[in-house]
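FYI, it's all coordinate maths here, none of it is from the lab. Keep in mind the model is a prediction, meaning the values are calculated, not measured. Cβ sites come from the backbone with ideal geometry, for glycine too, and all protein chains shown count toward neighbours.
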Amino acid sequence: MSNYHIKHLEEYFQVYRKSVREPENFWEEVAEEHFLWRKKWDKVLSWDFSKPEVTWFEGAKLNITENCLDRHLATRGDKTAILFEPNNPDEPAEYITYRDLYERVNQFANVLKDKGVTKGDRVCIYVPMIPELAIALLACARIGAIHSVVFAGFSSKALSTRINDCDCKVVITADGSYRGAKTIDLKGIVDEALEDCPDVETVLVAKRIHSDINMKEGRDEWLQPLLDKASKEGKAEVMDAEDPLFILYTSGSTGKPKGMVHTTAGYMVYTAYTFKNVFQYREHDVYWCTADIGWITGHSYIVYGPLANGATTVMFEGVPSYPDFGRFWEIVQKHKVNQFYTAPTAIRALAKQGAELVEKYDLSSLKVLGSVGEPINEEAWHWYNDVVGKNKSPIVDTWWQTETGGIMITPIPFVTPTKPTFATLPFIGIQPALMDESGTELKGNQVEGRLCIKYPWPSMARTIWGNHERYRDTYFSAYENKYFTGDGALRDEVGYYRITGRVDDVIIVSGHNLGTAPIEDAINEHQAVAESAIVGFPHDVKGSALYGYVTLKDFGEARNQDNLRKEINQLISDRIGPIAKLDKIQFTEGLPKTRSGKIMRRILRKIAENNTSDLGDISTLLNPEVVQSIIDNKL
Ligand code: PRX
């Protein structure tokens, strides 16, 4: 027996021990008993972190959509697979059964095939949170095309960079999207992006906001008429275990975004197994993850993990504040949601509104509360636990990353006792290590260091699209024979982990990973700007917000500060997206630098945090005098 569903602490320890002592036997049993294979593997695992090369279930053949759809038809054909809750609360919810979903995925897959998409082709998906988004992912997987979803809040420039990086010939989008009281002209953004993407041949457009949009002859087509004509049946392409399933871009601290490549079998097994246990999902539960499918959380825990378990997964189109800040709770009551998974930034924003908006609704269906994306602070944890969970629904603070594919450190609800702000224990099969700066592993408890993982797990990313060297350098070069996460963490007296935050130049704003370099590049494009540096500073809702220090070519120009600030934020919005806008922009006469010319972000970070009592020795800087002037003019 593979202990697919862990129910008490003793069992967790026992299964964990097995997963570490005999990882191959352990994962083989999980894979064997709970999934549909066209052919079983020849070898469970091969790995070499120095290359790095990792393969799971080598030789196996499967299609992930047969696991998410076909195999449920006999027993769950009429069960709701996707429960779509629209932006507008007056529009009825849509209940898409497993049979409906199977048929709609086949129709979409047949349309893609008709457009010449074949196994291994990359398809860009830039679609808001409407059912077509989930269906598009599954349709690609059905025919073996590699999907590359770009969050539909990214700018045209961010979109074109991602389309070109992995050479997509087909783009799926919508005429527009609803976001609270606003509508967004998505197709306009796509048109602008495609001016820089000469290789895109086909754009398929879903209808959502019924706006009058421009359709380019020979390139753009409305999706619905094509779907209506397509067959509801279709054979799934037989894939190798290690065939890429998707590419998903994540920010790096430098350079262009990294296209993380996830492969088929390991990703499926791990996301399904974590979903079942971390949310303790049971057959008639309604599960809701509020993330957007544009991020890894949506890929793994709105689409693949839940559907592989035959779950009912809610997809919400809107925002937590529309029509008011009670919307999340209204949805929980309306659909009797049992597991609710959201981000600390949303919890903080809702907590600010007071308890009345929560108490208005019946939340008695809730069994498990999840948190993901950034460290959850003590105050938010207690509010979530007490006001939302009424002290009876355990909080699973799940730590993981785009790169890890699935949840890595987390409590198992009703199994692992929770502790505020702690992600607690490694999930089954995960072997974390804390390292000091010299590269030595810190053994024992009550230690703090850099978080690494020292053994492969099935859903880890296999490479960066088109740049394996960067994959090695970023994740496998800092510590020998270990995957380096980029996060710091501590282990307490009982072995519980608490993630302390990024140790590189990635800043997490409202749960979104933002690299500083691309934002600085955008600012530096402004003709008045000489150079800039971005740091994070604490923010009560966003967790961290961005503080920009900007040196102008001619300091006299700072007379027009407000306009300059607007122009700089507009540039950032155009190049990356509104999420990367700066909260504060301080114009400086210079930036503190080492003698070799490196900007001292550590000092700038302390100033932004109002923590100037201990700036360390600044006398060795190239230009120590600028530090005082920056402090004096701090915003
Ligand atoms: O710093 C960690 C933080 O988010 C980073 C990964 O971001 P991304 O790839 O966008 O994936 C987010 C959703 C999985 C991590 O390196 N992070 C994520 N979850 C937590 C967290 N930090 C603390 N606690 C968490 N639960």
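Please figure out what share of the DSSP beta bridges in region 510-632 is antiparallel and state it in percent, rounded to the nearest 5.
70
If r is the Cβ-Cβ distance from Leu442 to Ala355 and R0 is 35 Å, what FRET efficiency results, to the nearest 0.05?
0.30
In the chain, what cysteines have no partner Cβ closer than 4.7 Å?
Cys68, Cys140, Cys166, Cys197, Cys289, Cys452
Taking all pairs of distinct Cα atoms, average 1/r, flip it, and tell me the Kirkwood hydrodynamic radius of the chain in Å to one decimal place.
Hydrodynamic radius (Kirkwood, Cα pairs) of the chain is 25.4 Å.
Provide the per-residue ³J(HN,Hα) series for region 618-635, in order, calculated from phi with Karplus coefficients 6.51, -1.76, 1.60 and θ = phi - 60°, each as a whole number of Hz, with x at glycine and proline positions.
9, 5, 8, 5, 5, 9, x, 5, 5, 4, 4, 5, 5, 4, 4, 9, 4, 7
Grab the beta carbon distance between Ser629 and Asp540, set R0 = 22 Å, and tell me the FRET efficiency rounded to 0.05.
0.20
With 26 Å as the limit, write out which pairs from Lys276/Lys454; Lys182/Lys553; Lys419/Lys443 have Cα-Cα distances beyond it, or answer none.
The pairs that break the limit, which is 26 Å between Cα atoms, are Lys182/Lys553.
Taking a point 7 angstrom from the Cα of Leu36 along the C-beta vector, which residues in region 120-160 have backbone N less than 20 Å away?
Residues 134-145 qualify, since their backbone N sits under 20 Å from the label point.
Rounded, prolate or oblate: which fits region 510-632 when a ≥ b ≥ c are the square roots of the eigenvalues of the alpha-carbon gyration tensor, with rounded for a/c under 1.5 and prolate only if a/b beats b/c?
oblate
Convert each backbone phi in region 39-51 into a coupling constant with the Karplus relation 6.51 cos²θ - 1.76 cosθ + 1.60 (shift: θ = phi - 60°), then list the ³J(HN,Hα) values in order as whole Hz, x for Gly and Pro.
Result, rounded to whole Hz: 8, 6, 6, 8, 8, 6, 8, 10, 7, 7, 6, 6, 7.
Give the cross-link partners of Lys113 among the lysines, using a straight C-alpha distance below 26 Å as the criterion and excluding same-chain residues fewer than 8 apart.
Partners found: Lys39, Lys61, Lys169, Lys187, Lys207, Lys216, Lys229, Lys232, Lys235.
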